[in-house]
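> Got a structure for you, written out below as structure tokens; questions coming shortly.
The values are calculated or read from the model by the stated rules, or taken from the named source; none is laboratory data. Every value quoted in this text rests on a predicted model; they were computed, and no experiment measured them. We place every Cβ from the backbone using ideal geometry, glycine too, and count neighbours over all the protein chains shown. The area values use the complete protein model at the heavy-atom level, side chains included, leaving out ligands, DNA and RNA. Shrake-Rupley method; radii C 1.70, N 1.55, O 1.52, S 1.80 Å.
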Amino acid sequence: MNTIIERFVSIQEVMTALHSQVSDYNWLVTDLDDVLSNDALQYFEEVQELEEGTAYWIKGERLLELVHHTNLYVIWGVFTAFERHESITLNELTVYPFADGNSDLWIESPRIQYPSAVCELIFWDSTFILLLSQVKDVSSRFRKTFPDWRSLEEYNRTEGLYESE
């Protein structure tokens with residue numbers, strides 16, 4: 001159930017909408033272009049500088065604390081959700097999820113970038129919010145909170161952002 005919101009939505013609004021679902025997962029945060037205070041780094045389990053950019057690992061409840069107790073403003077960023085039992089070694093990432101310049105988001109059937117992830121929340125240039133999810137409850141709650149949502153597949157078809165074969 002892939003979804004797009006065609007307007008700016010703050011990370012605080014998104015996390016409030018998904019509150020209980022956020023806590024249920026561990027999160028990989030990548031491709032982050034944001035305004036982040038220095039004290040925000042204390043919330044992350046691990047931070048790793050990689051060739052592609054910085055990767056962050058954070059538990060869901062800590063992500064909620066970060067969002068609601070700091071002045072975080074996200075311009076670009078990918079928040080990738082994993083089941084609680086799953087852990088990742090950041091300097092061994094097999095995939096670095098990214099938004100800026102990612103043409104695979106604008107195809108007929110976009111997929112979550114990290115193979116074992118269950119959900120991906122993408123902040124696109126302070127303009128769009130994309131939710132790619134294999135978890136129906138996450139998508140349903142997101143769509144219920146933001147009634148101006150559209151199916152990402154429908155958006156991609158009608159906006160002509162990809163060419164069908």
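> Using 10 Å bins from zero, what percent of all Cα-Cα pairs in region 7-50 falls into each bin?
Bins of 10 Å from zero give 19, 52, 28, 1 percent of pairs.
> Here's another thing I want to ask about it. Wrap a convex hull around the Cα atoms of region 114-153, take a quarter of its surface area, and give that in square nanometres.
So the Cα hull casts an average projection of 3.3 nm².
> Whole angstrom only: what separates the Cα centroid of region 94-115 from the Cα centroid of region 26-72?
Value for the Cα centre distance between the two parts: 20 Å.
> Rg to Rh for region 49-153: what is it, with Cα atoms only and Rh by Kirkwood?
Radius of gyration over Kirkwood radius for region 49-153 works out to 0.93.
> Which Cα, out of 103, 135, 146, lies furthest along the positive dipole direction of region 41-153 (beta carbon charges, K/R +1, D/E -1)?
With unit charges placed on the Cβ atoms, the residue in question is 146.
> Which whole-number value in Å² is the accessible area per residue of region 110-156, probe 1.4 Å?
Spelled out: the 1.4 Å probe surface of region 110-156, per residue, equals 44 Å².
> Then there is this: May I ask for the net charge around residue 85, where only other residues with Cβ less than 15 Å from the Cβ of residue 85 are counted and Lys, Arg are +1 while Asp, Glu are -1?
Overall, the nearby charge balance is -2.
> A follow-up question, please. For the full complex of protein chains and a 1.4 angstrom probe, list 70, 94, 158 by accessible area with the highest value first.
Most to least solvent-accessible, the answer reads 94, 158, 70.
> Right, next: What share of all Cα pairs of region 1-118, in percent, falls into each consecutive 5 Å distance bin?
Per 5 Å bin, starting at zero, the Cα-Cα P(r) for region 1-118 comes out as 2, 10, 21, 26, 23, 14, 4, 0, 0 percent.
> Given a 1.4 Å probe, how much area per residue of region 1-43 is accessible, in Å²?
I get 41 Å² per residue for region 1-43.
> Further question on the same structure: Counting only helical runs of four or more DSSP H residues, what would the 222 nm mean residue ellipticity of the chain come to if each run contributes -39,500 (n - 2.57) and the total is spread over all its residues?
The per-residue figure over the chain is -6500 deg cm²/dmol.
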